[in-house]
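Participant: After the structure tokens below, expect a handful of questions from me.
Just so it is clear, none of the values below were taken in a lab; they were calculated from the coordinates. A quick note: this is a predicted structure, and the numbers were derived from the prediction, not measured. No Cβ is skipped: glycine too gets one built from the backbone with ideal geometry, and neighbour counts run over all protein chains shown.
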């Protein structure tokens with residue numbers, strides 16, 4: 001009887017040991033700020049180092065848009081991701097995400113800026129030329145889940161000036177930061193959103209193209225990009241990923257890898273509280289929309305009071 005079950009039992013145990021011997025697979029999502037080929041050139045060296053140092057089987061996942069990475073995390077297809085703050089907020093709220101680190105730039109700063117750009121040859125000389133000429137220009141908008149491409153200009157540039165971009169511009173086309181730069185250079189759009197990360201990279205790699213772009217508007221500082229893993233990862237796996245990120249960027253070789261991404265200098269610890277200012281912006285945007293809506297006075301008053309309470313609550317947490 002013992003012999004009858006010994007072989008299957010040993011086989012099962014053997015398979016278990018074999019499976020256990022394999023490194024745990026971690027799919028790393030990269031948001032679509034540019035084409036997947038460009039993103040691979042930026043991120044694959046870091047991913048190779050992460051795989052080597054952690055002993056985990058790290059595989060990159062490049063989605064065509066921000067939502068693709070969020071949804072992949074939501075359904076457990078990826079366990080780790082680099083996000084902008086707006087996308088990270090979505091991942092935390094609906095994809096079991098948890099912020100654990102954030103970027104530090106090579107100059108030591110921990111933030112960047114949203115921009116509105118145009119071609120240097122454009123007749124548009126200032127942001128007022130954009131704001132005061134409805135129906136005249138074509139606009140290159142950012143991904144709906146982009147912090148610098150949509151959320152920040154949506155509040156500071158459009159919301160504060162009571163502008164509905166779908167009505168204000170002659171045409172609106174949505175694209176990645178890289179696509180918007182190309183559209184401005186080719187004069188396919190008159191103005192487009194972008195950010196200082198992309199502009200710095202363009203200045204270093206293609207200075208002649210950088211010189212063809214005029215910046216019309218610059219936002220307040222945006223917190224640097226967060227890294228997010230799923231809450232349900234084993235504690236030891238989280239520790240490996242966190243320890244790698246927080247210790248990376250010390251050698252000349254590692255510094256070169258980070259510089260190639262977005263002039264990064266390293267990473268520091270962070271958590272979900274990093275997203276509080278972004279939550280404020282999202283609520284402000286909703287408030288502007290409700291205030292200008294055709295809701296009944298009673299419904300509008302109720303909704304505005306609800307939003308004001310949420311905004312005040314977040315403001316208290318920020319303090």
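Participant: What is the helix-to-structure angle for 276-291, meaning the angle in degrees between its Cα long axis and the longest Cα principal axis of the chain, kept from 0 to 90 and rounded to the nearest 10?
Facilitator: Helix 276-291 sits at roughly 40 degrees to that axis.
Participant: Turning to a different aspect of this structure: Take the Cβ-Cβ distance between residue 172 and residue 59 as r, set R0 to 25 Å, and report the resulting FRET efficiency rounded to the nearest 0.05.
Facilitator: For R0 = 25 Å, the calculated efficiency reads 0.10.
Participant: Provide, as a two-decimal number, the C-alpha radius of gyration of the range 165-287 over 2.2 N^0.38 Å, N being how many residues it has.
Facilitator: The reported ratio for this selection is 1.35.
Participant: Same structure again: What do you get for the angle between helix 235-247 and the principal long axis of the chain? Use alpha-carbon atoms, 0 to 90 degrees, nearest ten.
Facilitator: Around 60 degrees separate the two axes.
Participant: Rounded to whole Å and sorted largest first, list the principal axis extents of the Cα atoms in the range 116-201.
Facilitator: Principal extents (largest minus smallest coordinate, Cα): 31, 29, 19 Å.
Participant: So, one more: How do the peptides 85-92, 290-297 rank, highest first, by the average count of neighbouring beta carbon atoms within 10 Å per residue?
Facilitator: Answer by packing, highest mean first, reads 85-92, 290-297.
Participant: Just grab the label-to-label distance for residue 209 and residue 309, each label 7 Å out from Cα along the Cβ direction, in nm (one decimal).
Facilitator: Going from the residue 209 label point to the residue 309 one covers 5.0 nm.
Participant: Separate question: Under 8 Å for C-alpha pairs, at least 6 residues apart: give me the relative contact order for the chain, rounded to a whole percent.
Facilitator: Contact order relative to length: 23 percent.
Participant: Note the full-extension length gain between residue 301 and residue 247 as 0.36 nm times their separation in residues minus their Cα-Cα distance, in nm to one decimal.
Facilitator: 14.4 nm
Participant: Here's something else I'd like to know. Please report the antiparallel percentage of the DSSP beta bridges confined to the chain, to the nearest 5.
Facilitator: Within the chain, antiparallel bridges account for around 60 percent of the total.
Participant: Could you list the residues of the range 173-201 with an amide nitrogen less than 14 Å from a label point located 7 Å from the Cα of residue 133 in the Cα-to-C-beta direction?
Facilitator: 189-192
Participant: So, one more: Give the angle, between 0 and 90 degrees and rounded to the nearest 10, that separates the Cα long axis of helix 36-54 from the longest principal axis of the Cα atoms of the chain.
Facilitator: 40 degrees
Participant: Efficiency by 1/(1 + (r/R0)^6): what FRET value for residue 186 and residue 160, r their Cβ-Cβ distance, R0 = 35 Å, to the nearest 0.05?
Facilitator: With R0 = 35 Å, the Cβ-Cβ based efficiency is 0.70.
Participant: On alpha carbon coordinates alone, what is the Rg over Rh value for the range 245-319, Rh being the Kirkwood radius?
Facilitator: Reported Rg/Rh (Cα atoms, Kirkwood Rh): 1.31.
Participant: Quick one: of the DSSP bridges fully inside the range 112-222, what percent are antiparallel, nearest 5?
Facilitator: The answer is about 65 percent antiparallel.
Participant: Project the alpha carbons of the chain onto their principal axes and report the range along each, largest first, in whole Å.
Facilitator: For the chain, the Cα spread along each principal axis is 87, 56, 35 Å.
Participant: Still on this structure: Below 8 Å, C-alpha to C-alpha, sequence gap of six or more: please give me the relative contact order for the range 112-222 in percent.
Facilitator: 48 percent
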